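Once you've had a glance at the structure underneath, I'll fire off some questions.
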Amino acid sequence: MPVTQVLSAPAPQGPADPVISCRNVWKIFGPRPQAARAELRLDPDARPQGHVVAVHDVTLDVMPGEMLVVMGLSGSGKSTLVRCLSRLNEITSGEILVEGREIGRLSEAELIDLRRRKMGMVFQSFGLLPNRNALENVAFPLEMRGQDRRSRIERAREMLALVGLKGRESYFPRELSGGQQQRVGIARSLAVEPDIWFLDEPFSALDPLIRREMQDEFLRLKGMLRKTIIFITHDFDEALRLADRIAIMKDGRVEQCDTPDRIVLSPATDYVARFTAEIDRARVLRASGLAAPTGQPVEGPSLPGGQTLRELARQLVNDSRDWIPVADAAGRTTGVLERAKALDILLGGAA
């Protein structure tokens, strides 16, 4: 398919301002990054010798309570972008604002305070302290913050219970399975009560069964805690399962940033289309994503807009109406679904 544009859809809008705003951000590794950036601005296809363009002119917003999944193949720039958002990497140029504050202008003390009080981070390597048990590992960031022992231990117990590890507080990392170690890492990042949660391929080292269980656990925590989350993965199935929006990266660029439904239905580039080519659309597309505005009321029961066509298969097959109303979580009709089109997708036809 021809490349017509690089699509970066706006974040879901509401009364709140973005938690994170990323404006024309570049990160170039090499001896003369500013000169390399100037060369690339003149010729986007240039390959500045001796430089690696890890993040290429990225602009996006992340809204409160949103889960943005950043995905791409190895070397696409996804991990570097997230390290820039937390200022673990200094950017070459551009602007990153966290809750309205440009983090590039923060002093070292202000940056440390922001990370300690606002940000939680979970990485692929669990990073647990081997000489401390699970409870002590979770309490460790609170100890670094200077919190008293009684309150930090109480908080650590609460977080271990939240991730399903009650009763294993005294276990050392070597006594825990890989999935349990990952849960300790998640509990530790949550102990500081972060508003912003960065997760860099946290499940990629786990076997498929444990990985699925951790995704289930994560979806449960997401629903309970309403954090603003940036989640990195190279697994498209994982991205589709977890994301409110997905940003697909290639060579440091964001090829497309949009909802899973729109990425599957309307890939912006050939590269994005290859990611979606083998996806079972009925497992991804939700009734709300296919609903059209209704000109007049449609009689009869509605379909829940948040469910996928695969989940609604029995209702779609048994319902004889040509157009079926779709409702939101509050029961309000938001549009109507063309049954024939939905069945085409469900049975493997063209969208």
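The values are calculated or read from the model by the stated rules, or taken from the named source; none is laboratory data. Everything numeric here is computed off the predicted structure, so don't read it as measured data. When we count neighbours, we look across all protein chains shown, and the Cβ atoms used for this are built from the backbone with ideal geometry, even at glycine.
Using the structure shown, decide if Leu165 is closer than 30 Å to Pro18 by Cα and buried (at least 19 other Cβ atoms within 10 Å of the Cβ). Lay out the reasoning, then the answer.
On the way: closer than 30 Å to Pro18 by Cα: no; buried (at least 19 other Cβ atoms within 10 Å of the Cβ): yes.
Answer is no for this residue.
To continue, here is another question. Can you tell me which of Phe231, Phe218, Phe275 is in contact with a Phe, Trp or Tyr (Cβ under 6 Å, 6 or more places away or on another chain) and under 27 Å from Cys22 (Cβ atoms)? Break it down stepwise before answering.
Working: Phe231 fails: in contact with a Phe, Trp or Tyr (Cβ under 6 Å, 6 or more places away or on another chain); Phe218 fails: in contact with a Phe, Trp or Tyr (Cβ under 6 Å, 6 or more places away or on another chain).
Testing whether each residue is in contact with a Phe, Trp or Tyr (Cβ under 6 Å, 6 or more places away or on another chain) and under 27 Å from Cys22 (Cβ atoms) leaves just Phe275.
Let me ask something else about it. Please work out which residue is modelled with the lowest pLDDT, limiting yourself to region 178-198 and to residues that are outside any helix (DSSP H, G or I) and surrounded by fewer than 19 Cβ atoms within 10 Å (Cβ to Cβ).
If we take residues in region 178-198 being outside any helix (DSSP H, G or I) and surrounded by fewer than 19 Cβ atoms within 10 Å (Cβ to Cβ), then Glu193 is modelled with the lowest pLDDT.
Just to be sure before I move on: is Phe172 over 24 Å from Val82 (Cα atoms), among the hydrophobic types (A, V, I, L, M, F, W, C) and either in contact with a Gly (Cβ under 8 Å, 6 or more places away or on another chain) or assigned by TED's automatic domain parsing to the domain that holds Leu206 (or both) in the structure I sent?
yes
In region 94-103, how many residues are over 21 Å from the mean Cα position of the chain (by Cα) and surrounded by fewer than 16 Cβ atoms within 10 Å (Cβ to Cβ)?
Final tally of qualifying residues: 2.
Is it true that some residue in region 135-143 is in contact with an Asp or Glu (Cβ under 6 Å, 6 or more places away or on another chain) and within 30 Å of Gly30 (Cα to Cα)?
no
Now, a different point. From the list Glu213, Glu201, Glu169, Glu175, which one is at pLDDT below 90 and out of contact with any strand residue (DSSP E or B) (no Cβ under 9 Å at 6 or more places or on another chain)?
Answer to the check: Glu213.
Inspect all residues belonging to region 53-66 and state whether any of them is β-branched (Val, Ile, Thr), crowded, with 17+ Cβ neighbours inside 10 Å and closer than 22 Å to Lys222 by Cβ.
Yes, region 53-66 has at least one match.
Now a separate question. Given the conditions (1) surrounded by fewer than 15 Cβ atoms within 10 Å (Cβ to Cβ); (2) modelled with pLDDT under 90, report the number of the one that Val317 does not fulfil.
(2)
Right, Arg339: over 27 Å from the mean Cα position of the chain (by Cα) and buried (at least 16 other Cβ atoms within 10 Å of the Cβ) or not?
yes
Taking helices (runs of 4 or more DSSP H) that do not extend beyond region 251-351, which have at least 3 residues that are under 30 Å from His56 (Cβ atoms) and out of contact with any helix residue (DSSP H, G or I) (no Cβ under 8 Å at 6 or more places or on another chain)?
Hits in region 251-351: 270-276.
A quick yes/no check of all residues on (1) assigned by TED's automatic domain parsing to the domain that holds Ser74; (2) crowded, with 20+ Cβ neighbours inside 10 Å; (3) more than 30 Å from Val55 (Cα to Cα); (4) more than 22 Å from the chain's Cα centre (by Cα):
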| residue | (1), (2), (3), (4) |
| --- | --- |
| Ile248 | yes, yes, no, no |
| Gly252 | yes, yes, no, no |
| Ala291 | no, yes, yes, yes |
| Pro301 | no, no, yes, yes |
| Asp322 | no, no, yes, yes |
| Val326 | no, yes, yes, yes |
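Okay, next question. Taking region 120-136, which residues are closer than 30 Å to Arg101 by Cβ and crowded, with 20+ Cβ neighbours inside 10 Å? Before the answer, list the steps.
Within region 120-136, the first condition is being closer than 30 Å to Arg101 by Cβ, and the residues that meet it are 120-125, 127.
Of everything in region 120-136, those that are closer than 30 Å to Arg101 by Cβ and crowded, with 20+ Cβ neighbours inside 10 Å turn out to be Gly120, Met121, Val122.
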